[in-house]
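The values are calculated or read from the model by the stated rules, or taken from the named source; none is laboratory data. As the structure is a computational prediction, the values presented were derived from the model and not from experiment. All Cβ positions, glycine included, derive from the backbone under ideal geometry; neighbour counts span all protein chains shown. Each accessible area value is taken on the protein alone, full model and side chains, heavy atoms only, with ligands, DNA and RNA left out. Shrake-Rupley method; radii C 1.70, N 1.55, O 1.52, S 1.80 Å.
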Amino acid sequence: MVIHRLDNLLSKFNRLGDVPESVLRVSVARETASVQAKARIGLGRHSKTGELINSIHIMTEVYEGGVRGICFTDKNYAAHVEFGTGPNGEAMHAGISPAVTPAYVQHGWMIPAKAMSREEAEDYGLGVVEKGGKVLGYLTNGQQAHPYMYPALKDNEDTIIKNIGADIKKGVRRI
């Protein structure tokens, strides 16, 4: 039995190990950027200033055996938006990750008057607490969940997997 061009075939098999480093890294980075864009869009209607939207960042890590894409925010209040707060969050948290079980405060609370203007508080639908004509604070039962990170990934999971698979196939064909 004679196998023609065996050296060429073996050379290609040896180069297959390069696919995850070169192709997978770029593909995962592109798909992570897609998750970032979808998270920003999903958050859009729940962000008055754009601060949280602009704090959604991405990074790609190459580690032994794979590549990881990370979409994150560094804002402390981001989880309050994603999962909700207080009785309202507990009552209305559809769309959050089923792997997370938040513990919600079981009563409302008062936000100090200096935290926002009366107009802002009224826009949020908060109750105003006054004494002698002076605003002491604003009553709230929390906010319902407005998931943006989890749906950005989960709702697009099949497409992301398909796109990464297609990129790997293209990378293998190039070898």
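The table for this structure:
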item: Of LYS38/LYS162; LYS48/LYS114; LYS38/LYS114; LYS38/LYS154, pairs whose Cα-Cα distance is over 22 Å; result: LYS38/LYS114
item: Residue of MET92, MET149, MET116 that the Gaussian network model of the chain assigns the largest fluctuation, springs spanning Cα pairs under 10 Å; result: MET116
item: Within the chain, longest stretch clear of exposed chymotrypsin sites (Phe, Trp or Tyr not before Pro) (DSSP loop, no more than 13 other Cβ within 10 Å); result: 1-76
item: Calculated [θ] (222 nm, deg cm²/dmol) that DSSP helices of n ≥ 4 give over the chain, each run adding -39,500 (n - 2.57); result: -12500 deg cm²/dmol
item: Convex hull projection area averaged over all views, the chain, Cα basis, nm²; result: 13.8 nm²
item: From phi via Karplus (6.51, -1.76, 1.60), per-residue ³J(HN,Hα) for the stretch 135-144 in Hz, x at Gly/Pro; result: 6, 8, x, 10, 8, 9, 10, x, 10, 5
item: Paramagnetic reach from VAL26 in the stretch 138-159 [backbone N under 14 Å; point 7 Å along Cα→Cβ]; result: none
item: For the stretch 90-175: accessible area per residue (Å², 1.4 Å); result: 69 Å²
item: Rounded if a/c under 1.5, otherwise prolate or oblate - the stretch 27-130, Cα gyration tensor axes; result: prolate
item: Portion, in percent, of the accessible area of the chain that falls on carbon or sulfur, probe 1.4 Å; result: 55 percent
item: Longest DSSP-loop-exposure-free segment, trypsin sites (Lys or Arg not before Pro), the chain, at most 11 other Cβ within 10 Å; result: 49-175
item: Net length gained if the chain between ILE168 and SER97 were fully extended (0.36 nm per residue, minus Cα distance); result: 22.7 nm
item: FRET E, pair VAL128, ILE161, Förster distance 41 Å, beta-carbon r, rounded to 0.05; result: 0.25
